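Comments concern the structure below.
The values are calculated or read from the model by the stated rules, or taken from the named source; none is laboratory data. Remember, it's a predicted structure, so these values are computed and weren't measured experimentally. Note that each Cβ is placed from the backbone with ideal geometry, even for glycine, and that neighbours are counted across all protein chains shown. The accessibility values were calculated without ligands, DNA or RNA, using every heavy atom of the protein model including side chains. Shrake-Rupley method; radii C 1.70, N 1.55, O 1.52, S 1.80 Å.
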Amino acid sequence: MDISRADHFRHVFLAALSGERLHHDVVVDLQHLSFCDSSGLNALLAARTVAAESSQNLYLAAPREQFTRLLEITGAGDLFTIEPVPPL
């Protein structure tokens with residue numbers, strides 16, 4: 001996810017939070033994400049903030065090595081709950 005896709009992610013994420021239920025978990029399935037730059041990471045960090053403000057949980061599932069490395073380099077890894085596989 002780069003600058004050309006980050007805005008689309010933001011729109012989809014906000015739509016996921018605006019469902020009928022007042023509280024639900026949101027899982028971002030990263031198993032097919034082959035690249036993420038700072039724009040993508042910033043979109044995920046903003047999504048985390050929006051979820052937390054509305055008392056919802058945000059999970060990242062099945063991140064690839066490049067994304068995991070990005071989290072390590074930036075120190076953002078501790079800010080997310082990461083699951084090894086997406087839920088069924």
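Would you tally the net charge around Pro63, using a Cβ to Cβ cut-off of less than 15 Å, leaving Pro63 out, and scoring K and R as +1, D and E as -1?
Charge balance near Pro63 sits at -3.
How high is the relative contact order of the chain, in percent, with contacts defined as C-alpha pairs under 8 Å that are six or more residues apart?
Relative contact order of the chain: 33 percent.
List the residues whose amide H sits under 5 Å from the amide H of Val27, counting only those 5 or more places along or on another chain, with H placed 1.01 Å from N in the peptide plane.
Placed amide hydrogens put Tyr59 under 5 Å from Val27.
Where the accessible area of the chain is counted over protein heavy atoms with a 1.4 Å probe, how much of it, in %, is carbon and sulfur?
Taking all protein chains in place, the chain shows 55 percent carbon and sulfur surface.
Which whole-Hz ³J(HN,Hα) couplings does segment 7-14 yield from phi under the Karplus relation 6.51 cos²θ - 1.76 cosθ + 1.60, θ = phi - 60°, glycine and proline marked x?
So the J values, rounded to whole Hz, are 5, 4, 4, 4, 5, 5, 5, 4.
Which whole-Hz couplings ³J(HN,Hα) result when phi for each residue of segment 65-72 is put into the Karplus expression 6.51 cos²θ - 1.76 cosθ + 1.60, θ = phi - 60°, listed in order with x for Gly and Pro?
4, 4, 5, 4, 5, 4, 5, 5
Out of residues 5 or more away from Glu83 or on other chains, whose amide H comes under 5 Å of its own, with H placed 1.01 Å from N in the peptide plane?
Excluding prolines and chain starts, which carry no amide H, the hits are Leu60, Ala61, Ala62.
Quick one: putting +1 on the C-beta of Lys and Arg, -1 on the C-beta of Asp and Glu, what dipole do you get for the chain around its Cα centre, in Debye to the nearest 20?
Here the size comes out at about 80 debye.
Extension gain Arg64-Ser38, at 0.36 nm per residue separation less the Cα-Cα distance, in nm?
Taking Arg64 through Ser38 to full extension adds about 7.8 nm, to one decimal.
Compute the long axis of helix 38-53 from its Cα atoms, compare it with the longest principal axis of the Cα atoms of the chain, and write down the angle in degrees, 0 to 90, nearest 10.
30 degrees
Run the numbers for Val27 and Asp2: contour at 0.36 nm per residue of separation, minus the present Cα-Cα distance, in nm.
Taking 0.36 nm per residue and subtracting the Cα distance, the gain is 7.1 nm.
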